[in-house]
Structure formats: C-alpha cells, structure tokens
Amino acid sequence: MTQIEPLYDKKYTCAMCENSFTTKKVRSRFVKVLNFDTDFAPLYADGYENPNFYYTNVCPDCGYSFTDDFSSYFPPGAKQAIQEKICNQWVPHDYGAERTSQDALNTFKLAAYSSMLKKEKHIVTAGLYIRLAWLFRSTENLDQELRFLKLALKEYTESYSTGDYKGTQVSELRLMYLIGELSRRLGNSQDAVRFFSKVIEKQRQSVEPQIIQLAKDRWQEMREDKVVSGS
C-alpha cells in the first residue's frame, strides 16, 4: 500500500509571466488544530503540518507571489509596478518544495508586497500580515509579531471603512472583533472597547454567537485588568 504524503503538488499559472509551476499544499488529514488564540491564530499539534507555511504561491521565474484570495484583476499600472519592483529584481528561487519557517516568512513578505503593489483588497493584505504576525509569534519574535499586527490592524481598519470585506469569508462581525482584539494587543484600549462594544451590540441578530462570546470575554478581561492596575 502506498503511503500518503502530507504534502501534495498543486499547479498554478503565474498571472504576471504566464509560467506554469507547482507548489506544495498540505492534505487536511495531516493538520490538527489544538486550539485558537484570541486573534484566531491556530495552534497546531506537534508532529502535524502547519498549512500556513504553504499558504502563499511564489512564481519561481518572476517572483510574483499570490494566494488563492487574490483577484485575477490587475488595476491600471499594477503589472508595471510589480514588473519593476519585483520581477526585474528577482533572482530565480523555487519555493515549490517543502518549506522551513524562514521560507514561509519569506513567501509571506513577497505576497504582502505583491498584494500592496497590485492594490489588492485591504482584507486580503490584512490576512497576509496577520499570518506573518502568527508565524513570528510561534518563533517568539515579539518585535516582529507586533510590527505585523500593526500593519494588519491598519489594513483591517481600511477594509472596515471601505467595506471591501463584503463578499469574502470574513464577516463584518469577525472583522470588528479582529479590529478590537488587535487594538487590545497593541495597547490601544479605547479602540478595543469601541469595537468590542460594536460586536456585543449585534448579539440579537448574530449568527456567530462564538464571536459575541469572544468579545464579551475580552471586554471582561480588560475591565479586570483596569481594576487590578487601579486605572
């Protein structure tokens, strides 16, 4: 009987240079989530794969990087910007094999840069930044974790004000909770309280009771911290 490997090859065609390439993805049976952090960062069981390592796709020929959330549309000038800033500087490198955590960090940075130059939706860029923060958290690099949480918060806030999250997997409630939670983690209690309140106000019409509960829990923690610190 052939043994099933955790990683399999998925084929992509680069939207920039039309080169076809394969990159690894993780079979879901080899992923085991033990629990989630308060900002939805998954904690994976030892001995299982971290699918985040393979979330981004990097064209080995031109360096353009993207995820399955990127749209196929390039706004005017975007291809030229990517060509100049990424493709023309690219030293051919293949991220299509098994990735280390450093490889994963590199691919996320490339995808976030591509996303920015392509003027991808804020919600898409935010998703790349928060996953970068989670990767840095798993290596206990607090400075870099906070740096990317800040960038994620900025993009989530933009997404909320422009409404570009609509029609994606991120609901308004989840987005408001995330803005509150990232604000809390970054020490901005005023914004955190404001957004947690917005979430709790929607409890009657919500179909996501677990997010309402998360907001209540964070709100309660903040109140207790305030009492303890005497402010």
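The values are calculated or read from the model by the stated rules, or taken from the named source; none is laboratory data. Note that the structure is predicted; figures quoted are calculated from it, not measured. Reconstructed Cβ throughout: ideal geometry from the backbone, glycine too, with neighbour counts over all protein chains shown. Keep in mind that these areas ignore ligands, DNA and RNA; they rest on the heavy atoms of the full protein, side chains included. Shrake-Rupley method; radii C 1.70, N 1.55, O 1.52, S 1.80 Å.
Could you go through the stretch 122-132 and let me know if any residue there is touching a residue at least 40 places away in the same chain (Cβ under 8 Å), of a type in the set (Phe, Trp, Tyr), assigned to a helix (DSSP H, G or I) and closer than 21 Å to Leu43 by Cβ.
No; the residues of the stretch 122-132 include none that is touching a residue at least 40 places away in the same chain (Cβ under 8 Å), of a type in the set (Phe, Trp, Tyr), assigned to a helix (DSSP H, G or I) and closer than 21 Å to Leu43 by Cβ.
Kindly indicate which of Tyr160, Tyr156, Tyr129 is open to solvent by 40 Å² or more (accessible area, probe 1.4 Å) and among the aromatic types (Phe, Trp, Tyr). Break it down stepwise before answering.
On the way: Tyr156 fails: open to solvent by 40 Å² or more (accessible area, probe 1.4 Å); Tyr129 fails: open to solvent by 40 Å² or more (accessible area, probe 1.4 Å).
Step by step, each of Tyr160, Tyr156, Tyr129 is checked, and only Tyr160 is open to solvent by 40 Å² or more (accessible area, probe 1.4 Å) and among the aromatic types (Phe, Trp, Tyr).
Give the residues of the stretch 95-115 that are crowded, with 16+ Cβ neighbours inside 10 Å, among the aliphatic types (A, V, I, L, M) and more than 15 Å from Arg137 (Cα to Cα), sorted by residue number.
If the condition is that a residue be crowded, with 16+ Cβ neighbours inside 10 Å, among the aliphatic types (A, V, I, L, M) and more than 15 Å from Arg137 (Cα to Cα), then Leu110, Ala111, Ala112 are the ones that fit.
Go through (1) in contact with a strand residue (DSSP E or B) (Cβ under 9 Å, 6 or more places away or on another chain); (2) at pLDDT 95 or above and name the single condition Ser138 misses.
(2)
How about the stretch 46-61: which of its residues are open to solvent by 10 Å² or more (accessible area, probe 1.4 Å) and not acidic (Asp, Glu)? It would help to see each step written out before you state the result.
Within the stretch 46-61, the subset open to solvent by 10 Å² or more (accessible area, probe 1.4 Å) is 46-53, 55, 60-61.
Passing the criteria: Gly47, Tyr48, Asn50, Pro51, Asn52, Phe53, Tyr55, Pro60.
For every residue, the table says whether it meets (1) among the acidic types (Asp, Glu); (2) surrounded by fewer than 16 Cβ atoms within 10 Å (Cβ to Cβ).
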position	(1), (2)
Glu181	yes, no
Ser197	no, yes
Ala215	no, no
Arg218	no, no
Glu224	yes, yes
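For Tyr177, indicate whether it is closer than 29 Å to Lys85 by Cβ and of a type in the set (Phe, Trp, Tyr).
So Tyr177 does not fit the description; no.
Among (1) open to solvent by less than 50 Å² (accessible area, probe 1.4 Å); (2) over 28 Å from Phe74 (Cα atoms); (3) within 15 Å of the chain's Cα centre (by Cα), where does Tyr165 come up short?
Of the numbered conditions (1) open to solvent by less than 50 Å² (accessible area, probe 1.4 Å); (2) over 28 Å from Phe74 (Cα atoms); (3) within 15 Å of the chain's Cα centre (by Cα), the odd one out for Tyr165 is (2).
Only one of these is open to solvent by less than 40 Å² (accessible area, probe 1.4 Å) and at positive phi: Phe40, Phe21. Name it. Steps first, answer last, please.
Working: Phe21 fails: at positive phi.
Only one candidate passes the filter, namely Phe40.
Need pairs with beta-carbon distance below 6 Å; first residue small (Gly, Ala, Ser) and within the stretch 54-80, second in a strand (DSSP E or B) and at pLDDT 95 or above; sequence gap 6+ or separate chains.
Filtered contacts from the stretch 54-80: Ser65/Val58.
Going residue by residue through the stretch 172-180, is there one that turns out to be in a helix (DSSP H, G or I), under 13 Å from the mean Cα position of the chain (by Cα) and modelled with pLDDT of 95 or more?
So the first thing to find is which residues in the stretch 172-180 are in a helix (DSSP H, G or I), and the list is 172-180.
Add one more test, that the residue is under 13 Å from the mean Cα position of the chain (by Cα), and what stays is 175, 178.
Applying the additional criterion that residues be modelled with pLDDT of 95 or more yields 175, 178.
Taking every residue of the stretch 172-180 in turn, at least one turns out to be in a helix (DSSP H, G or I), under 13 Å from the mean Cα position of the chain (by Cα) and modelled with pLDDT of 95 or more.
For Glu140, all conditions in the list (1) outside any helix (DSSP H, G or I); (2) within 17 Å of Asn52 (Cβ to Cβ); (3) within 14 Å of the chain's Cα centre (by Cα) hold save one; what is the number of the exception?
Answer for Glu140: the failing condition is (3).
State all residues of the stretch 189-231 that are touching a Leu at 6+ places or on another chain (Cβ under 9 Å) and not in a helix (DSSP H, G or I); if no residue qualifies, say none.
Answer for the stretch 189-231, where residues must be touching a Leu at 6+ places or on another chain (Cβ under 9 Å) and not in a helix (DSSP H, G or I): Lys202, Ser206, Val207, Glu208.
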